[in-house]
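Engineer: Provided herewith is a single structure, encoded as C-alpha cells, for subsequent inquiry.
The values are calculated or read from the model by the stated rules, or taken from the named source; none is laboratory data. Everything quoted here is computed from the prediction, not taken from an experiment. We place every Cβ from the backbone using ideal geometry, glycine too, and count neighbours over all the protein chains shown. Quick note on the areas: whole protein, heavy atoms, side chains included, nothing else; ligands and nucleic acids left out. Shrake-Rupley method; radii C 1.70, N 1.55, O 1.52, S 1.80 Å.
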Amino acid sequence: MKWTYDWLTDYLETNASATEIAEILTRTGLEVEDLIIPISPIAAKIVECTPVPDSDHLHILMVDDGTGQLRQVVCGAPNARVGLISALALPGCVIDGHEIRAGKLRGVMSNGMMCSARELGIGDDHSGIIELAPDTKIGSPVINAAIVFDAGITPNRPDYLAVRGIARDLAACGAGKYITPNDEILSPVKSKRAVHIETDKCPVYQFCEIHNITVSASDAKIKTRLAAIGINPKNAPVDATNYVCYDIGQPMHCFDADAVHGDITVRMAKSGEQFTDLFGNTHDLCETDMVIADDAGILALAGVIGGARAMTTDKTKNIILESAYFNPVSVRKTSKRLGLSTDSSYRYERGIDPTITGIALARAANIIMDACGGTIVGTMIAGKIPDNVHEIEYNPELFSHKTGIDMDSARQREILENLGFHVVERGGRWRITPRAARVDVVIPENIVSELIRIYGYDNIARVAVHKPCDSAPHHDYYIEIKHDLAARGLNEAKSFGFGNSKIETILSDKEIIKIANPIVKDMDTARNNLLGNILGFVAENEHRGYPNLNMFELGTVFDAAAPGAQHTQICIVRCGETAPRHWTHRNRTCDIYDVKSDIIALMHGRNFTVSSQNPPRWVHPFRYGAVMQGKNKIAEFGELSPMVAHALKIKTRVNIAIVDNVENLPARAYVHEPELSEFQPITRDFAFIVDAETPAENLTNAARGADTRISDVIVFDSYAMDNGKKSIAFTITITPNEKMSDDDLQKLQSAVIANVEKKCNAQIRDK
C-alpha cells in the first residue's frame with residue numbers, strides 16, 4: 001500500500017514529520033517498508049549553450065543552479081537557449097521512475113538533466129524543456145515532490161488499504177487529530193436501467209449514470225498523487241475510480257454507458273462462457289466466477305477486472321459508475337484461478353467496509369463531473385447495504401489478565417473511541433461495536449490486541465523489566481510436554497494447519513474437511529491429523545540424504561467444519577539410526593520401542609496396559625501397540641505400513657507414536673517422592689505357558705497387580721512351543737516395607753501365580 005504525505009493530511013491534522021509518522025506506524029503494527037523523500041528539480045538558468053561535436057541535436061549547457069558555480073549538463077531539447085530558465089533535475093532526483101545520475105553522453109560529462117513538463121508530471125508537453133517565468137528564483141524547487149510511504153499490509157488489516165484508515169490509526173496513536181470527512185450520498189434520480197442480483201454473493205450493487213461528459217484529464221492534485229504511488233493517470237473517469245479505491249478503500253469501475261445494452265445483472269458465470277478483459281486477454285469462466293452482465297453478455301468479472309467491450313476511452317460521452325460489495329471468497333477464487341490480481345481483487349479478498357458503497361459512488365461522481373462536466377440521469381441501488389453491526393462483550397479487566405499490564409478503564413475507553421469504536425457500558429461490562437471497516441475485530445481478544453497495539457509494544461518490555469511480578473510463574477501444559485519431548489532428543493517440527501486430501505485418505509478413515517479456497521493445490525483440507533505433514537518432512541529429508549530423524553509436532557487438528565470441532569494432537573517420529581556413525585560402535589536402527597518409551601515418559605509413572613487390537617490404517621499390522629488406561633486409549637505407536645511408505649515414496653523404516661488428544665495424558669504430578677525402603681529388594685523368577693497370541697504385557701501387568709510391593713516386572717525369555725503355545729519368563733522385583741519371612745515370600749509368589757493363571761489363561765511352567 002502506497003500513499004503520499006499530503007494525501008494523509010486530508011484526514012490527519014499533524015505536526016509530525018514523515019519520518020516520525022513512519023516510526024509510529026511501524027511501532028503500532030503497520031510496517032513501513034520504504035519512505036521515499038524525493039529531491040525536487042530546481043530552477044536553473046542557461047548561461048552557455050554550445051553544440052556537442054558530431055551531434056545534430058545535443059547541446060552542452062552551462063547552467064546557473066544558484067550555488068555560485070556553473071553546472072555542465074548535456075541536453076537534446078530543441079528550445080534550449082541562453083537566458084532560458086528551466087527545470088534542472090540534479091543527480092539523485094527520480095524522474096519518470098528513473099534516478100538521475102551523473103554520466104557521459106557522447107563523451108561529454110553531464111551532471112543532471114533538464115526536464116520537460118511531462119517528465120515533471122505537471123503537463124503533457126514533451127516537445128522541449130519546460131520554460132519557466134523570467135522572474136523565477138534560481139535554485140528554488142520547481143515542484144513540490146510528493147513524499148511517498150510504502151507499507152506492507154497484513155491480511156488481517158484491510159482497513160489499512162485506505163488512506164483514511166491509516167489516518168484514523170495515527171490519530172489514535174497521538175500523532176495528530178483525525179479530520180472527519182464530510183461524506184455525502186447522491187440524491188436519487190430515477191433510472192431507465194435496472195439492476196438484477198441473481199446471487200447471494202453480492203448483497204448490494206449501486207450505480208449512477210452520467211451523460212454528456214467531456215473526457216478530460218484529472219485535476220493536478222489527483223494526477224500527482226496517483227503518479228507518486230505508481231498509477232499512471234489516464235483520464236478523470238478512470239482516475240476517479242483508482243483514487244477512491246486508495247482514498248476510501250472501495251474498489252469501483254466505470255463503464256461506457258453506450259456500450260451497455262439494457263439492464264445490468266449480477267450473476268454467476270455459465271460453464272464455458274468466455275470473457276475478454278480490458279487488456280484484451282480472453283478467459284474461460286466456470287460456475288464459481290461472479291460476473292457483471294448486460295443483455296449482450298459479460299461486462300466485467302465482479303471485483304476483479306473490467307471488460308474490453310464497455311471500457312471507458314477518451315471518446316466516451318456517457319458513463320455508468322458502479323460501486324458494490326462482493327463476497328471475498330468468491331472474488332479470491334476467481335482471482336487465483338485465472339491468475340489475475342488487481343487493486344480491486346486485493347481489497348475485496350481481504351474484506352472491505354460493506355457500508356460505504358454509496359459514499360464512494362458520490363465521491364467518484366463528483367470528481368468526474370468537476371473535471372468533465374455532465375449530468376446524472378439515473379441512480380440505482382439493488383439489494384441492501386449490510387449494516388455490519390456486531391457487538392463484542394468485553395470486560396476491561398481482561399486486558400490486565402491477558403497482558404499483565406494495568407490500564408484503567410478510562411484510558412481503554414479513550415483508545416477504543418479514538419479508533420472509531422462505539423462503547424456502551426452495562427453493569428460493569430462493555431458492549432463494543434467496531435467501526436464497519438474493522439471486519440477483523442470479532443472477539444474480546446481482538447479488543448485487547450488493539451489496546452496493547454496503541455499502548456505501545458515498547459512499553460511492554462519496560463514494564464516486564466522493571467515491574468515486579470507478585471504471582472507465581474505461569475505453567476503452560478503444552479510447553480511442559482514440549483520440554484519433556486525435547487529432553488528425549490526430539491526436535492520440534494512445525495507445519496501448516498492444512499493437509500492433503502489424498503494423503504489423509506491413505507492414512508485414516510477420518511472425515512476429510514475440504515477447504516473452499518486453498519492457498520495451494522496440495523493443501524486442500526483443514527488437517528485431520530499431524531502424521532500426513534510429518535511424513536512429508538520425512539520423505540523430503542530422505543530425498544535430500546537425511547534419513548535419520550527424531551522429531552515431534554504438537555498442534556491442532558480438525559474433526560469437522562463446524563466452529564470448535566478441533567483438538568490438540570501429538571505426533572512423534574523416529575527413523576534411521578539412533579546416533580551418528582562412529583568407529584567405536586555399531587549403530588542401532590530406531591524401532592517401535594523407542595517411540596513407545598517416548599509415550600511412557602509422558603505417562604509420568606502412571607499405570608497403563610498395552611493392546612495390539614484394531615490397528616489403524618497407517619500402521620504395520622504386526623508392529624503396533626496402543627497405550628491404554630482401562631478402556632481409554634491414551635496413545636498409539638507402531639511402524640509405518642510398507643504400503644503407506646511406498647505410496648509416499650519413503651524407503652526408511654518410520655516409527656510413529658500418536659497421542660490423538662493431549663487432554664487424555666495424565667497430568668504431571670508434583671508430589672514428594674516416598675523415601676527409599678531400608679530393606680533390600682528381592683527378586684523372583686517365573687515362567688508360564690500361554691497361548692501364542694497372548695502378549696507378554698498381559699502377564700507382566702497381571703503379575704504387577706498381584707501385590708503393591710512388586711515395583712518392577714521384566715521379561716527375560718520367550719520362545720514358541722508346540723500346539724500353539726509359547727513360554728514367557730519374567731523377573732519380579734519386590735520392595736519390602738517391613739521384614740519378610742519365607743512364608744511371606746511364599747504367599748506373595750502364590751498370589752503372582754494365581755493372578756497370572758486367572759487373568760491370562762496361563763499355566764506355571766515346572767521346568
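Engineer: Can you go through Tyr160, Tyr246 and tell me which one is in a helix (DSSP H, G or I), within 30 Å of Ile95 (Cα to Cα) and in contact with a Ser or Thr (Cβ under 9 Å, 6 or more places away or on another chain)? Even if it seems obvious, please write down each step before you answer.
Structural biologist: Values: Tyr246 fails: in contact with a Ser or Thr (Cβ under 9 Å, 6 or more places away or on another chain).
After ruling out the rest, the residue left standing is Tyr160.
Engineer: Let me ask something additional. Against the definition (under 37 Å from the mean Cα position of the chain (by Cα), open to solvent by less than 50 Å² (accessible area, probe 1.4 Å) and under 26 Å from Glu663 (Cβ atoms)), how does Phe558 come out, yes or no? Give the derivation first.
Structural biologist: Numbers: under 37 Å from the mean Cα position of the chain (by Cα): yes; open to solvent by less than 50 Å² (accessible area, probe 1.4 Å): no; under 26 Å from Glu663 (Cβ atoms): yes.
No, not satisfied.
Engineer: Ile634: in a helix (DSSP H, G or I) and under 13 Å from Pro666 (Cβ atoms), yes or no?
Structural biologist: Values: in a helix (DSSP H, G or I): no; under 13 Å from Pro666 (Cβ atoms): yes.
So Ile634 does not fit the description; no.
Engineer: Between a residue in the stretch 152-177 that is under 14 Å from Glu450 (Cβ atoms) and touching a residue at least 40 places away in the same chain (Cβ under 8 Å) and any residue that is open to solvent by less than 20 Å² (accessible area, probe 1.4 Å) and among the polar types (S, T, N, Q), which pairs come within a Cβ distance under 7 Å, given they are 6 or more apart or on different chains?
Structural biologist: Here the result reads Asp169/Thr28; Cys173/Thr28, each pair linking the stretch 152-177 to a residue that is open to solvent by less than 20 Å² (accessible area, probe 1.4 Å) and among the polar types (S, T, N, Q).
Engineer: Identify the residue in the stretch 32-59 that is over 12 Å from Ala80 (Cβ atoms) and small (Gly, Ala, Ser) and, among all such residues, is least open to solvent (accessible area, probe 1.4 Å).
Structural biologist: Looking at residues that are over 12 Å from Ala80 (Cβ atoms) and small (Gly, Ala, Ser), I get Ala43.
Engineer: Within the stretch 693-718, how many residues are modelled with pLDDT under 90 and surrounded by fewer than 11 Cβ atoms within 10 Å (Cβ to Cβ)?
Structural biologist: Result for the stretch 693-718: 2.
Engineer: Could you check the stretch 248-274 and list, in sequence order, the residues that are among the small types (Gly, Ala, Ser), surrounded by 18 or more Cβ atoms within 10 Å (Cβ to Cβ) and at negative phi?
Structural biologist: Here is the first cut: in the stretch 248-274, the ones among the small types (Gly, Ala, Ser) are 249, 257, 259, 262, 269, 271-272.
This time we only want the ones that are surrounded by 18 or more Cβ atoms within 10 Å (Cβ to Cβ), so: 249, 257, 259, 269.
Hits for the stretch 248-274 are Ala257, Ala259, Ala269.
Engineer: Continuing with the same structure: Being without any contact (Cβ under 8 Å) to a residue 40 or more places away in the chain and more than 13 Å from Ser495 (Cα to Cα) is the filter; apply it to the stretch 532-542 and report the residue that is most open to solvent (accessible area, probe 1.4 Å).
Structural biologist: Only one residue fits best here, namely Glu540.
Engineer: Looking at this structure, is Lys502 out of contact with any helix residue (DSSP H, G or I) (no Cβ under 8 Å at 6 or more places or on another chain) and within 28 Å of Cys590 (Cβ to Cβ)? Explain how you work it out, then say what you get.
Structural biologist: On the way: out of contact with any helix residue (DSSP H, G or I) (no Cβ under 8 Å at 6 or more places or on another chain): yes; within 28 Å of Cys590 (Cβ to Cβ): yes.
Spelling it out, Lys502 is indeed out of contact with any helix residue (DSSP H, G or I) (no Cβ under 8 Å at 6 or more places or on another chain) and within 28 Å of Cys590 (Cβ to Cβ).
Engineer: Cβ-Cβ below 7 Å, separation at least six or inter-chain, first residue in the stretch 352-373 and more than 11 Å from Gln206 (Cα to Cα) and among the charged types (D, E, K, R), second open to solvent by less than 10 Å² (accessible area, probe 1.4 Å) and not in a loop (DSSP other than H, G, I, E, B): which pairs?
Structural biologist: Arg363/Val244
Engineer: Can you pull out every residue in the stretch 104-122 that is loosely packed, with under 15 Cβ neighbours inside 10 Å and either at positive phi or hydroxyl-bearing (Ser, Thr, Tyr) (or both)?
Structural biologist: The answer is Arg106, Gly107.
Engineer: Within the stretch 394-450, track down each residue that is open to solvent by less than 40 Å² (accessible area, probe 1.4 Å) and among the β-branched types (Val, Ile, Thr).
Structural biologist: Ile405, Ile415, Val423, Ile432, Thr433, Val441, Ile447, Val448
Engineer: A follow-up question, please. Go through the stretch 354-389 and give me each residue that's of a type outside the set (Gly, Ala, Ser) and open to solvent by 50 Å² or more (accessible area, probe 1.4 Å).
Structural biologist: So the first thing to find is which residues in the stretch 354-389 are of a type outside the set (Gly, Ala, Ser), and the list is 354-357, 359, 361, 363, 366-370, 372, 375-377, 379-381, 384-389.
Hits for the stretch 354-389 are Arg363, Asn366, Asp370, Thr375, Val377, Met380, Ile381, Lys384, Ile385, Asp387, Val389.
Engineer: Moving on to the next point. If you take the residues in the stretch 482-531 that are of a type in the set (Ser, Thr, Tyr) and in contact (Cβ under 8 Å) with a residue 12 or more places away in the chain, which one is least open to solvent (accessible area, probe 1.4 Å)? I'd like the intermediate steps shown before the answer.
Structural biologist: Keep residues of the stretch 482-531 that are of a type in the set (Ser, Thr, Tyr), which gives 495, 501, 505, 508, 525.
Then drop every residue that is not in contact (Cβ under 8 Å) with a residue 12 or more places away in the chain, which leaves 495, 501, 508, 525.
Working: Ser495: 29, Ser501: 21, Ser508: 27, Thr525: 0 Å².
Applying the filter and picking the extreme gives Thr525.
Engineer: Please return the ranges of strands (runs of 3 or more DSSP E) entirely within the stretch 681-767 where 1 or more residues are more than 20 Å from Asn607 (Cα to Cα), touching a Ser or Thr at 6+ places or on another chain (Cβ under 7 Å) and touching a residue at least 40 places away in the same chain (Cβ under 8 Å). Steps first, answer last, please.
Structural biologist: Numbers: elements: 682-691, 710-720, 725-734.
It comes to 682-691, 725-734.
Engineer: Looking at Ala146, Ala171, which one is crowded, with 16+ Cβ neighbours inside 10 Å, part of a loop (DSSP other than H, G, I, E, B) and among the small types (Gly, Ala, Ser)? So that I can check it myself, show each step before the final result.
Structural biologist: On the way: Ala171 fails: part of a loop (DSSP other than H, G, I, E, B).
Ala146 is the lone residue from the list that is crowded, with 16+ Cβ neighbours inside 10 Å, part of a loop (DSSP other than H, G, I, E, B) and among the small types (Gly, Ala, Ser).
Here is a yes/no grid of residues against (1) surrounded by fewer than 24 Cβ atoms within 10 Å (Cβ to Cβ); (2) in contact with a Lys or Arg (Cβ under 8 Å, 6 or more places away or on another chain); (3) not in a strand (DSSP E or B):
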residue: Lys223; (1), (2), (3): yes, no, yes
residue: Gly230; (1), (2), (3): yes, yes, yes
residue: Asp239; (1), (2), (3): no, yes, yes
residue: Thr276; (1), (2), (3): yes, yes, no
residue: Ile292; (1), (2), (3): no, no, no
residue: Thr313; (1), (2), (3): yes, no, yes
residue: Leu321; (1), (2), (3): no, no, no
residue: Ala324; (1), (2), (3): no, no, no
residue: Val331; (1), (2), (3): no, no, yes
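Engineer: Restricting attention to the stretch 543-555, report how many residues are open to solvent by less than 30 Å² (accessible area, probe 1.4 Å) and aromatic (Phe, Trp, Tyr).
Structural biologist: Of all residues in the stretch 543-555, those open to solvent by less than 30 Å² (accessible area, probe 1.4 Å) come to 549, 551-555.
Subset that is aromatic (Phe, Trp, Tyr): 552.
Number satisfying all stated conditions: 1.
Engineer: Looking at Gly92, Gly83 in this structure, which one is closer than 27 Å to Ala227 by Cβ and either in a strand (DSSP E or B) or touching a residue at least 24 places away in the same chain (Cβ under 8 Å) (or both)?
Structural biologist: The unique qualifying residue is Gly92.
Engineer: Which members of the stretch 596-631 meet the condition of being among the charged types (D, E, K, R) and open to solvent by less than 60 Å² (accessible area, probe 1.4 Å)? Steps first, answer last, please.
Structural biologist: In the first step, residues of the stretch 596-631 are kept if they are among the charged types (D, E, K, R); the result is 596, 598, 606, 617, 623, 631.
Once the filter is applied, which keeps residues that are among the charged types (D, E, K, R) and open to solvent by less than 60 Å² (accessible area, probe 1.4 Å), the stretch 596-631 yields Lys596, Asp598.
Engineer: Can you tell me which residue is most open to solvent (accessible area, probe 1.4 Å) among those in the stretch 15-28 that are over 25 Å from Ile231 (Cβ atoms) and either touching an Asp or Glu at 6+ places or on another chain (Cβ under 7 Å) or touching a residue at least 40 places away in the same chain (Cβ under 8 Å) (or both)?
Structural biologist: Checking each candidate, the answer is Asn15.
Engineer: Could you check the stretch 483-499 and list, in sequence order, the residues that are within 28 Å of Ala561 (Cα to Cα) and touching a strand residue (DSSP E or B) at 6+ places or on another chain (Cβ under 9 Å)? Walk me through it before giving the result.
Structural biologist: Here is the first cut: in the stretch 483-499, the residues within 28 Å of Ala561 (Cα to Cα) are 492-499.
Correct list: Glu492, Ala493, Lys494, Ser495, Gly497, Phe498, Gly499.
Engineer: What number of residues in the stretch 333-351 are of a type outside the set (Asp, Glu), surrounded by fewer than 18 Cβ atoms within 10 Å (Cβ to Cβ), touching a helix residue (DSSP H, G or I) at 6+ places or on another chain (Cβ under 7 Å) and touching a residue at least 24 places away in the same chain (Cβ under 8 Å)?
Structural biologist: The total comes to 0.
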